[in-house]
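Asks: After the structure tokens below, expect a handful of questions from me.
We did not get these values from a lab; they are worked out from the coordinates using the rules stated. No experiment lies behind these values; they were computed from the predicted model shown. Note that each Cβ is placed from the backbone with ideal geometry, even for glycine, and that neighbours are counted across all protein chains shown.
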């Protein structure tokens, strides 16, 4: 099929419904278990994607499809060459590869959905989601609406957030989840939608709206994940906006930015004082699991298998090492081994663990090649920084969330560049 995608054409009602259902599916991230060890990840998003394919015209861009094929082949290589002396966990790695194929396919369909959507419509959708998440979170904290959210979670999720005493100790309130499984998932999706709106909008007050939205979310949602939004804005200013200032504006900005950073740091350190104290004393299990343990585990993996790591989904090979590290830091043992790669990790370190130094380098080259194929080479630093930032907050390189976020971000940047069509093949 032709690579042309006319994004400025009107979007039909059913396409709007499919897109909104897909985003809702990514947000609630509900996995339907066919058996105890074979889930269908983000089943609502999968249903929306399949429906869109059946009722709309999906286009095939050769360079994007070739990226998907090559990355899948790379992952297949790690399945058979990853560290597993007795091939005891080969079935687990094959299962993880199948989940990767499913996830990357959903991500590509999301890519197609957004590129066949109107830019103004997408800007409106992401901003309305931000408002709904913020207002809904406030209602959950301040009104009996919380009972409805709790009933929904108990009816839908196999496991959901119950660390209420921890919330009160660290934050003074039981934090909202607003129909997601835990506060961090709400915060991640909020930040994701706010960033996409910021990238798409031409509103001259977008930086102010972005900052106010983030500050409001910190007060209501109270997740340290949201600090990443401020880090991104600082990164954008230093590497992209500062050079645009004239000779009079630049010195003023250089003085104001550090002052603003120090004030913000003081405010945030006071706001999250209890949580930060637990982090620095290594008493916070979430911090240990996401930030402290992953690099230590990566060292173990690279020492044993530097080329292709443990292979995608092969973390169970080092299950005893993981449990020993958790025990060392007084983290409760993980009961369900199959959740290790999805719930308790850091995507950056997980990528190195799964693909190793050689496989990981090849994968990065494939990503870089894709950005050039889509004429997004000027955004490479943008994309890698955003993904590096996101990677600190969740795991599962083969998960639906990662690939949906990645392809949606890529489509948003194409819209930002105001392409009328996808770049032609060469």
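Asks: As a test of understanding, state the convex hull volume per residue of the chain from its alpha carbons, in Å³.
Replies: Numbers: hull volume 66.1 nm³, N = 426.
Measuring per residue, one finds 155 Å³ for the Cα hull of the chain.
Asks: Using label points projected 7 Å from each Cα along Cα→Cβ, tell me how many nm separate residue 320 and residue 215, to one decimal.
Replies: Simple spin-label model gives 5.4 nm for this pair.
Asks: Kindly state, to the nearest 0.05, the FRET efficiency for residue 263 paired with residue 132, given R0 = 35 Å and r defined as their beta-carbon distance.
Replies: Values: r = 30 Å, r/R0 = 0.86.
Efficiency for this residue pair is about 0.70.
Asks: Going by Cα centres, the stretch 106-140 and the stretch 17-44 are how many Å apart?
Replies: A separation of 17 Å, based on Cα centres.
Asks: Which order do peptides 201-207, 408-414, 231-237, 187-193 fall in by mean Cβ count within 10 Å, highest first?
Replies: On the way: 201-207: 12.4, 408-414: 22.6, 231-237: 16.1, 187-193: 24.9.
Ranked from most to least packed, the peptides come out as 187-193, 408-414, 231-237, 201-207.
Asks: Give the order of 167, 29 when sorted by the count of other beta carbons within 10 angstrom, beginning with the fewest.
Replies: On the way: 167 18, 29 24.
Starting with the residue having the fewest Cβ neighbours, the order is 167, 29.
Asks: Once both labels are modelled 7 Å past Cα along the beta-carbon direction, what's the residue 365-residue 11 spacing in nm?
Replies: 3.7
Asks: Once you have the Cα-Cα distance between residue 204 and residue 377, take 0.36 nm times their residue separation minus that, and quote the gain in nm to one decimal. All intermediate terms of the calculation are to be shown ahead of the outcome.
Replies: Values: separation 173, 0.36 × 173 = 62.28 nm, distance 2.53 nm.
Contour length minus the Cα-Cα distance gives 59.8 nm.
Asks: Helix-only mean residue ellipticity at 222 nm, the chain, DSSP H runs n ≥ 4 weighted -39,500 (n - 2.57), per residue, nearest 500. What is it? Walk me through the numbers on the way to the answer.
Replies: Details: 18 runs with 275 residues, N = 426.
So the calculated ellipticity at 222 nm is -21000 deg cm²/dmol.
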